[in-house]
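Q: Can you keep this structure in mind? I'll have questions shortly.
Nothing in this text is a laboratory measurement; each read-out follows from the coordinates by a stated rule. Just so it is clear, the structure is predicted and the values come from calculations on it, not from any experiment. Don't worry about glycine lacking a Cβ; one is built from the backbone with ideal geometry, like all the others, and counts go over all protein chains shown.
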Amino acid sequence: MLYANVTLTPSTTGASGRAALQQIANGIASWALIGALVALCSARRCGPWAVTPRTCTNPHKVVVLVLTSLAPPYFIGAAPSLINFFFNTGLSVH
C-alpha cells in the first residue's frame, strides 16, 4: 500500500484568530508566573528562613518548596525554545 507524501509548514500568516490565540497564550503564561510567585512567597516557613536561616526548623523542606516554586517559571520561559527544538528535530527525521 502506498502512502501519500504529506508535508507540514507551520505559518501564522493565513491563520485566522492568530492574534487572539497569542493573547490567550500570553495571558496563561502571565497567570502561571503570578501563581509561581505567590507559591514562592507563601511557601511555609520561607519567611523566617529568608530573614534568619537559623530559625528554620527544616531547611531541606524549605529548599524543596523554593525549588518547586522556581521550576514552573523556568519551563514557561524555556517552552518556546523547547517546542521549536523538538519540532525542528522532528523535521529532520526521514
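Q: What ranking do 63-76, 23-36 get when scored by the average of other Cβ atoms within 10 Å per residue, highest first?
A: Going from most to least packed, we get 63-76, 23-36.
Q: Each label point is 7 Å from the Cα along the Cα-to-Cβ direction; what then is the distance between the points at residue 26 and residue 9, in nm?
A: The answer from the label model is 2.8 nm.
Q: What whole-number distance in Å separates the alpha-carbon centres of region 70-94 and region 1-27?
A: 17 Å
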